Amino acid sequence: MNAEELTKQLKQRAAELGFSLAGATPAVSPPGAARLDEWLTAGYAGQMHYFADRRDAYDHPRHVLDGACSVLMLAMDYQTVEPQQPGPGEGRISKYAWGPSDYHDLIHERLNALADFLRGCIPAALVRGVVDTAPLLEREFAQLAGLGWVGKHTLLINRSRGSWFFLAALLTDVELEYDRPHEADHCGTCRACLDACPTDAFPQPYVLDATRCISYLTIELRDAIPHELRAGIGDWLFGCDVCQNVCPWNSEAKSIRQSEFQPLPENDPIELSKLFELDEVAFRARFRHTPLWRPKRRGLLRNAAIVLGNRPVPAAVPALMRALNDDEPLVRGAAAWALGKHSDPAGRDALTRRLIVETEVDVRREIESAVSQCG
């Protein structure tokens, strides 16, 4: 089978497996490697140390698959329905994460099937499928494979599908027929994504300061969320869709009906106070095989407290008082901050009682600040 026929069959099989876009490109050193260095030097990666730890591996796909010759870049849509408006005491979850499954598991299953198909065509082929966990600059290779361009919000945009999709890659030592790179930038003078960001996470177009990004703050950050960024989080419990929501290229993006990406009723929106009733066992049972597992219980409850501080409702005070005595200092500190935003005598009394026994310096500071805000 020649490269043209093989590539055609691979793309056809990818479409059958649910991938909406597919394009092939040579396995080369990505042109964006230098920009990665600049981004790391600026400190924009924050606590995502795996970028720097694996920096050399990003120089060429052969560090992901020895002998890699070709990269088949793939996209899988996840846009389903429009989210419900959160009510009092409720929070938002990013669209990609509100369903019953972790997209990594779903896409890896499809990639394995595609890899098996390639091995069926060429038994000696070396193949590896990856989904945003390997040292591969997926957006760079997606652009080289003709799938779209990198927008000012740093996400890949496709003219017909917008940006509501996951990227995945199939690496192989087999030569494929390569697509033309997408060289045009169709963002023009538009600044919608840059201007809409609640935390000013874009120091300039096409550059993201992850340390200010709501997705980073609610998912990757393991410490307390900086005070100056808490208000900007608004009602986002996990992730953020603001820059994609305002992008004109997403205004007519097609929705899909795939059940794995449909929102669970309890996640659209999510009731925040109930999260504080979950111990580690219950948290694992509810979130273990979903994206919401990544920040772990301590991170998600921290986020819930921040949202309840941004959107104070009297009904949330008992849950925050409970969180004030949580085993995790991170949760206690966030709960104290949130109670400081509520003008509730019971909350102030709870803060005062906790201050007597609190031993963590950072949590004590949060409590002292909250008590003063409560009057």
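Key figures for this structure:
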read-out: Answer label for Kirkwood radius over Cα pairs in Å (calculated), chosen among (i) 22.9; (ii) 21.1; (iii) 22.2; value: (iii)
read-out: Per-selection Kirkwood Rh - segment 91-152 (Cα, Å, 1 d.p.); value: 14.2
read-out: Accessible area in square angstrom per residue, segment 241-375, 1.4 angstrom probe; value: 49
read-out: Estimated vicinal HN-Hα couplings, Hz - segment 73-83 in sequence order (Karplus 6.51, -1.76, 1.60; Gly, Pro = x); value: 8, 9, 10, 10, 5, 9, 5, 10, 10, 6, x
read-out: Segment 15-43 and segment 97-157: distance between their alpha carbon centers, rounded to Å; value: 10
read-out: In the chain, lysine pairs closer than 30 Å at Cα, eight or more apart or cross-chain; value: 13
read-out: Per-residue HN-Hα couplings for segment 228-245 [Karplus 6.51, -1.76, 1.60; θ = phi - 60°; Hz; x = Gly/Pro]; value: 5, 9, 5, 4, x, 5, x, 10, 7, 7, 8, x, 7, 10, 4, 5, 7, 4
read-out: Rounded Å value of the spacing that divides the Cα centres of segment 317-370 and segment 265-305; value: 20
read-out: Reciprocal mean inverse distance between Cα atoms of segment 3-128 - Kirkwood radius, Å; value: 17.7
read-out: Carbon/sulfur fraction of accessible area - the chain, other protein chains in place, 1.4 Å, %; value: 49
read-out: Computed [θ] at 222 nm, deg cm²/dmol, the chain (DSSP H ≥ 4; -39,500 (n - 2.57); rounded to nearest 500); value: -10500 deg cm²/dmol
read-out: Heavy-atom surface of segment 65-191, accessible at 1.4 Å and reported per residue (Å²); value: 40
read-out: Over 22 Å [Cα-Cα, segment 273-375], rounded percent; value: 25
read-out: DSSP bridge pairs, the chain: antiparallel proportion in percent, nearest 5; value: 90
read-out: Leu36 accessible area, 1.4 Å probe, all protein chains in place, Å² to nearest 10; value: 20
read-out: Cys residues of the chain counted as unpaired, since no other Cys beta-carbon is under 4.7 Å; value: Cys69, Cys121, Cys187, Cys190, Cys197, Cys213, Cys240, Cys247, Cys374
read-out: In sequence order, calculated HN-Hα J values of segment 296-302 (Karplus, 6.51, -1.76, 1.60; Hz; x Gly/Pro); value: 6, 4, 4, x, 5, 5, 4
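The values are calculated or read from the model by the stated rules, or taken from the named source; none is laboratory data. Predicted model, so just to flag it, every value in this text is computed and none were measured. For neighbour counting, all protein chains shown are included, and Cβ atoms are generated from backbone atoms with ideal geometry for every residue, glycine included. We work out accessible area using only protein heavy atoms, side chains counted, and drop any ligands, DNA or RNA first. Shrake-Rupley method; radii C 1.70, N 1.55, O 1.52, S 1.80 Å.
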